[in-house]
Amino acid sequence: GEDDDDDDDEDDDEDNASGVCCDTLQDLARTVKSVVSAHYDNDGSSSSNGASLAGTCFALPTDAPWSDLASTSSSSSPQDDPMEDGASSAPSSDATYKGEPLRVLSLVAPVCGGGPLSRATPHLLALGDSHSHEQKQQEQSGVHIHIPSLDGIVYGRLAIFGLGDEDDEEDDEDDNDQLPSNPDQDAYTKGFNLLDRCFLSEAVRDALICHRPAVTATGAERGSCRDVAEQVLAIGHLFVPPPADDGDAAAAVAATGPAAKIARGIEYGIVETILSLIVQASRREEGSDASGSPLGHLYLSRVFLEMTKLQPTLMPRSIVAAVSAIFEDFVPSLVPSARAALAGWLALHLTNTDYQWPSSYWSHWTPYALAVANANQRNSRGEFVIDTLRDMSDLQGSPSVIVSDCLPNGSALVDTLLPSTAASETTQESLQALEKDLEDRIWIHNDDPDAVREYIVGDEVQESVSGSLASSGGTSRLWWRTSVVVEAVLRPTKIDLGRARKAIQTSLSKQAGDEDIMDEEDPDLETDDVIVDTAEAIARYRPVILAAMGKDWHVYEELQGTAMDESDMLVMGEVHVLRQVERLASYSAAVLEACVDSMLKNHVVSAMAVLRWALGENDEPTPGSTGTGVGSESPIIKNWYRFALLAMRIGVSMILSGDDFDNDGGGMIIDRGGEDDATMESDESPVSRHVNKVLAFATPLINYAADRVCLILANTDESDRKRVKPVEADLIDGMKLFAVTVQSQLRSILKNDKSLIDSTKGESPAVDKEIDSCLAKSDIIGPKLSSRCRQECTAVTRYVDLTLKSIETS
């Protein structure tokens with residue numbers, strides 16, 4: 001998990017009391033321990049009336065009135081007329097339960113000479129499906145459970161409202177003094193014990209999985225999120241009041257309609273379970289089925305919205321209480337991806353509920369966010385707030401709605417809506433005239449790309465700026481043509497950023513009561529669609545960017561008087577292009593990702609350049625540099641693994657489609673990784689040929705990411721501290737997600753490759769099996785990747801070892 005900076009004393013005190021997180025296996029262990037203790041601690045003997053269930057109020061399956069019930073008295077004679085005077089209208093009988101006590105399902109032990117108690121469970125767990133009957137009889141070590149992945153089987157659970165033990169809750173009551181007393185929340189925290197919460201969590205997960213909407217092969221939609229929400233809320237009817245001898249039994253039940261009673265406060269348990277699932281639900285990367293879990297981020301968010309609509313009184317209060325508890329107790333302990341998932345859900349939820357959120361919470365959260373935005377003091381709580389606000393801004397398309405409808409009047413959080421690093425114009429005055437000239441040629445006169453290319457590499461441009469560049473150094477001297485061209489091509493992003501700033505100022509002026517503000521449209525700020533316009537410009541003027549990059553490199557090489565490695569220099573130029581894209585488009589995550597996507601698809605930058613940019617590599621030669629860029633001051637890109645996966649997906653897709661050509665005239669090199677070597681065996685199957693082609697491209701990228709992450713972590717000072725710094729958490733969590741997701745990403749791309757499907761028509765199961773087999777033998781799987789990094793890493797420090805262990809289990 002990630003903790004706040006070491007110099008944040010206030011947060012350090014709070015983080016020491018971080019909330020408890022457990023998974024389904026730990027819940028099971030605690031529950032079994034509770035049941036065993038209740039069974040033997042009372043009188044040392046077994047109880048036949050359910051006392052071993054530790055007083056749970058959950059209606060177990062054997063409690064159903066239609067299960068194993070027998071009548072103990074005879075009914076009325078069939079000849080009797082039920083309507084005759086003096087005749088009973090219904091038979092009088094006493095029903096007693098004759099079934100067996102609830103037992104843990106046995107997988108192999110025979111019951112009463114028969115087969116296993118549960119015949120379906122072995123098949124569901126894929127037990128020994130490759131063994132013959134004789135081999136199974138020879139195995140004396142018990143049942144071997146083969147589960148390739150725990151996704152969708154083992155879930156984490158945040159004990160947002162405590163574990164359910166009264167002793168633990170009494171110690172924590174003073175921590176929530178700022179919250180008013182809530183009878184419904186108290187009914188849940190005090191009335192639901194550990195066993196109740198375990199049953200509730202399992203029931204909610206089962207309902208979410210079993211009732212998940214689906215689209216049939218004919219295109220018909222089966223089920224809806226509203227149906228799922230109704231089923232989840234109906235779980236409250238499975239909980240009955242505590243035993244009658246409990247004095248507060250009546251307080252644990254609340255009527256919600258005629259003849260409908262559910263356990264009071266159960267909505268807090270439902271919210272606790274679903275929020276726990278949202279936190280660990282990774283957003284599905286395009287082209288990848290990264291998780292085997294059917295509980296996706298968007299699906300859970302939509303179910304939450306439907307539950308809020310069905311229970312507009314109960315659900316909002318429980319959601320506010322849960323988010324407040326998570327913010328105080330859990331956010332500092334969440335890994336960056338989990339925190340981002342929580343922020344994404346909250347942004348979507350508030351956007352669809354008219355931004356109904358207590359203003360006092362925004363005020364309480366403001367100092368954390370301002371510490372990140374203004375003082376550059378990274379802390380997990382502040383980044384959670386900023387991510388939420390910017391996700392809402394992206395969903396709305398304009399930050400003005402957030403200022404006017406979401407935040408309280410005069411809130412300082414307005415300053416966090418746009419990053420302070422976002423720039424709308426070049427910082428060098430000497431190049432502003434040239435940039436303006438290029439913008440006119442590209443956007444006003446729509447000049448031919450060849451004419452613009454000849455202009456930017458000509459002597460006229462060189463002479464016009466040579467005097468001002470002579471006194472400057474660094475990238476301004478090396479890549480100055482490239483910078484100017486990229487800024488001119490990305491003009492729509494500067495316009496969009498200026499429009500966002502103006503919209504924020506207009507909303508603030510209206511809040512201040514300035515009635516003279518008019519919503520006038522500035523002709524200079526007009527653009528149809530920033531993403532579409534930018535993508536079209538990148539595709540059209542790609543030769544200009546590449547020519548400027550090549551010219552900058554050749555001029556620098558002449559000034560240095562030494563020949564430099566062409567591939568390294570061009571990759572540095574591509575990294576510099578991405579630096580400019582980041583500076584101009586970082587105000588919006590969607591715009592930044594779209595620009596990088598377009599740069600990749602148009603062969604302006606390579607996949608390796610994206611990884612080097614995202615992981616903070618140098619974009620200029622450094623004296624004595626080893627090529628690692630460890631000494632670079634460029635920060636690690638937040639959510640760097642998303643850009644790495646984007647580069648991997650686009651690169652692999654181009655490899656399979658044959659669109660991996662070298663640039664004509666641009667000089668850019670696409671690293672094919674040796675996939676064109678004429679060493680293929682003649683008897684190699686089409687599947688193996690495709691897989692090897694993909695692996696030849698993907699393996700160097702994965703190896704670089706692992707090596708780079710380990711190298712950065714090995715050079716960090718771990719002495720005199722126990723907490724993980726934010727950048728270290730970004731690297732460790734990102735590397736784990738990258739290693740896990742890239743395998744499923746490649747598998748998904750290969751299985752859906754049209755050329756492979758056409759060449760192996762009618763053999764889909766065999767093809768899928770061969771793809772899985774080839775990938776399982778490759779060097780990208782976790783154990784092999786971890787072993788290689790461990791051998792090549794110069795120093796296996798504590799955090800390097802943590803990273804390698806997480807890769808090994810991927």
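The values are calculated or read from the model by the stated rules, or taken from the named source; none is laboratory data. Source: prediction; values computed, not measured. Every residue, glycine among them, receives a Cβ derived from its backbone with ideal geometry; neighbour counts consider all protein chains shown. When the accessible area is computed, the model is the full protein with side chains, heavy atoms only, and any ligands, DNA or RNA have been set aside. Shrake-Rupley method; radii C 1.70, N 1.55, O 1.52, S 1.80 Å.
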- Just give me the residues in the stretch 302-320 being within 19 Å of Val385 (Cα to Cα) and buried (at least 21 other Cβ atoms within 10 Å of the Cβ), in sequence order. Ile319
- Of these, Asn409, Asn374, Asn446, which one is at pLDDT below 85, of a type outside the set (Val, Ile, Thr) and open to solvent by 70 Å² or more (accessible area, probe 1.4 Å)? Asn374
- Message: Take the conditions among the basic types (Lys, Arg), surrounded by fewer than 21 Cβ atoms within 10 Å (Cβ to Cβ) and at pLDDT 75 or above and apply them to Arg672. Does it pass?
- Response: no
- Does Gly191 qualify as being in contact with a His (Cβ under 8 Å, 6 or more places away or on another chain), of a type outside the set (A, V, I, L, M, F, W, C) and open to solvent by less than 50 Å² (accessible area, probe 1.4 Å)? no
- Message: Condition first: small (Gly, Ala, Ser), open to solvent by less than 10 Å² (accessible area, probe 1.4 Å), in contact (Cβ under 8 Å) with a residue 12 or more places away in the chain and touching a Gly at 6+ places or on another chain (Cβ under 8 Å). Can you find one or more residues in the stretch 580-592 that meet it?
- Response: no
- For the stretch 539-570, name all the residues that are crowded, with 23+ Cβ neighbours inside 10 Å and β-branched (Val, Ile, Thr). Val544, Ile545
- Residue check: is Val591 in a helix (DSSP H, G or I), in contact with a helix residue (DSSP H, G or I) (Cβ under 6 Å, 6 or more places away or on another chain) and more than 29 Å from Gln462 (Cα to Cα)? yes
- Message: Would you confirm whether or not the stretch 763-772 contains a residue that is of a type in the set (Val, Ile, Thr), in a helix (DSSP H, G or I) and farther than 24 Å from Arg339 by Cα?
- Response: yes
- Query: Just checking, which of Leu802, Leu713, Leu731 is closer than 30 Å to Pro332 by Cβ, open to solvent by 20 Å² or more (accessible area, probe 1.4 Å) and in a helix (DSSP H, G or I)?
  - Reply: Leu802
- Query: Identify, please: which residue in the stretch 293-335 is touching a residue at least 24 places away in the same chain (Cβ under 8 Å) and outside any helix (DSSP H, G or I) and is, among those, nearest to Ile270 (Cα to Cα)?
  - Reply: Gln311
- Here are some conditions: (1) within 20 Å of Val796 (Cβ to Cβ); (2) surrounded by fewer than 22 Cβ atoms within 10 Å (Cβ to Cβ); (3) at pLDDT 80 or above. Glu718 meets all but one. Which one does it not meet? (3)
- Task: State the number of residues belonging to the stretch 761-785 that are crowded, with 18+ Cβ neighbours inside 10 Å and touching a residue at least 60 places away in the same chain (Cβ under 8 Å).
- Result: 8
- Task: Consider Asp415 carefully, then state whether it is within 27 Å of the chain's Cα centre (by Cα), more than 17 Å from Asp354 (Cβ to Cβ) and modelled with pLDDT of 90 or more.
- Result: yes
- Task: Evaluate the stretch 231-241: report whether one residue or more is at pLDDT below 90, crowded, with 20+ Cβ neighbours inside 10 Å and of a type outside the set (A, V, I, L, M).
- Result: yes
- Quick one: how many residues across the stretch 486-541 are closer than 30 Å to Ala451 by Cβ, modelled with pLDDT under 85 and outside any loop (DSSP other than H, G, I, E, B)? 3
- Note on the structure: Among (1) assigned to a helix (DSSP H, G or I); (2) β-branched (Val, Ile, Thr); (3) touching a residue at least 24 places away in the same chain (Cβ under 8 Å), Ile757 falls short only on (3)
